[in-house]
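Okay, so here's the structure we're looking at.
The values are calculated or read from the model by the stated rules, or taken from the named source; none is laboratory data. Fair warning: this is a prediction, and the values are worked out from it, not measured in the lab. Neighbour counts are summed over all protein chains in view; Cβ atoms, including those assigned to glycine, are modelled from backbone coordinates with ideal geometry.
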Amino acid sequence: MTNSAYGRSNLSPAPRRAAGRTPSALLAIAPLVMCLAVLPVAAMAQEQPAVPNTMGTAPDGSKTHGGQEASKDDLGKYTLPDGTPTYRIAPDGTMDWFTYSGYRRYHAECHVCHGPDGMGSTYAPALANSLKTLTYEQFMETVVNGKKTIGVGTADQVMPAFGENLNVMCYMDDLYVYLKARADGALDRTRPSKREDKTKEYGANENQCFGRK
Ligand code: HEC
């Protein structure tokens, strides 16, 4: 009886211990398993943020690039969380000053080659299309340094370098947000009507850029 009891107790604890060990072993490695499962997902989420590459409605009801919340500075410029400037159309249709200013600058400096409203011409590409894929940095680089594609069509196409033209350099963010608004479909081809006023700070900045007092 003692033997058999001992024998039984000797036998049974072993499987019980083994059975007990399995869950605790699983618990011990569970955080590791979870990390391994979560890490690639987190990395993917960082590489490809789920911001749509078009116009969207921001939490405050305005229209911005990707519908992201935009913050406004003293100049009247709106920027996205990653620091890129954006157009912003208020719920009542009022456009930000930079987009309106960009519209005017575009038609003064770029229209002659790139066509009205960024629609393109036989000579130069439609920027309302280019800005669907060009980054802010690529846009800046091209406008400052120019671009020349050799051997396209019958004539070489030349995008002049505007790096020393203040009428362009002082309005780079304006041009960018205007063309981005066209690319995102936030602005149609009608002349913009309702707009925010030019701020005092914008005017001061403009004067400084042109070297005026
Ligand atoms: C004298 C004509 C001319 C003027 C003025 C001009 N461009 Fe261009 N631009 C071109 C040509 C031609 C190309 C194509 C160059 C190439 O592909 O090598 C181009 C290309 C570009 C590109 C690159 C487009 C792409 O799809 O890669 C950008 C951005 C651009 N221009 C912006 C501007 C802006 C902004 C202005 C006004 C400040 C302007 N351009 C004024 C002729 C012009």
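Figures for the structure shown
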item	result
Selection from the stretch 115-134 of residues that are under 18 Å from the mean Cα position of the chain (by Cα) and part of a loop (DSSP other than H, G, I, E, B)	Leu131, Lys132, Thr133, Leu134
Residue in the stretch 188-204 that is touching a residue at least 24 places away in the same chain (Cβ under 8 Å) and within 11 Å of the ligand (Cβ to nearest atom) present	no
All positions within the stretch 131-158 that are surrounded by 15 or more Cβ atoms within 10 Å (Cβ to Cβ) and modelled with pLDDT under 95	Gln157
Lone qualifier among Ala128, Ala124 - being touching a residue at least 40 places away in the same chain (Cβ under 8 Å), assigned by TED's automatic domain parsing to the domain that holds Ala183 and closer than 21 Å to Arg189 by Cα	Ala128
For Ser121: the one exception among (1) surrounded by fewer than 21 Cβ atoms within 10 Å (Cβ to Cβ); (2) closer than 25 Å to Ala58 by Cβ	(2)
The stretch 159-188 - residue that is assigned to a loop (DSSP other than H, G, I, E, B), aliphatic (A, V, I, L, M) and in contact with a helix residue (DSSP H, G or I) (Cβ under 7 Å, 6 or more places away or on another chain) and, of those, surrounded by the most Cβ atoms within 10 Å (Cβ to Cβ)	Leu187
Any hit, the stretch 164-173, residues being without any contact (Cβ under 8 Å) to a residue 24 or more places away in the chain and either more than 9 Å from the ligand (Cβ to nearest atom) or within 18 Å of Trp97 (Cα to Cα) (or both)	yes
Unique match (being within 28 Å of Ala58 (Cβ to Cβ) and β-branched (Val, Ile, Thr)) among Val143, Val158, Val112, Val168	Val143
Test: Thr79 is touching a strand residue (DSSP E or B) at 6+ places or on another chain (Cβ under 6 Å), in the same structural domain as Gly185 (by TED's automatic domain parsing), without any contact (Cβ under 8 Å) to a residue 12 or more places away in the chain and closer than 23 Å to Asn205 by Cβ	yes
Checklist (1) in a loop (DSSP other than H, G, I, E, B); (2) over 22 Å from Gly67 (Cβ atoms); (3) under 25 Å from the mean Cα position of the chain (by Cα) applied to Ser193, failing item	(3)
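A quick yes/no check of all residues on (1) under 16 Å from Lys180 (Cα atoms); (2) near the ligand (Cβ under 9 Å from one of its atoms); (3) more than 18 Å from the chain's Cα centre (by Cα):
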| site | (1), (2), (3) |
| --- | --- |
| Gly56 | yes, no, no |
| Gly83 | yes, no, no |
| Pro91 | no, no, yes |
| Arg105 | yes, yes, yes |
| Tyr136 | yes, no, no |
| Lys148 | no, yes, yes |
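Conditions tested, residue by residue: (1) assigned to a loop (DSSP other than H, G, I, E, B); (2) at pLDDT below 95; (3) among the hydrophobic types (A, V, I, L, M, F, W, C); (4) not assigned by TED's automatic domain parsing to the domain that holds Ser193.
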| position | (1), (2), (3), (4) |
| --- | --- |
| Pro59 | yes, no, no, no |
| Thr64 | no, no, no, no |
| Asp74 | yes, no, no, no |
| Gly102 | no, no, no, no |
| Cys113 | no, no, yes, no |
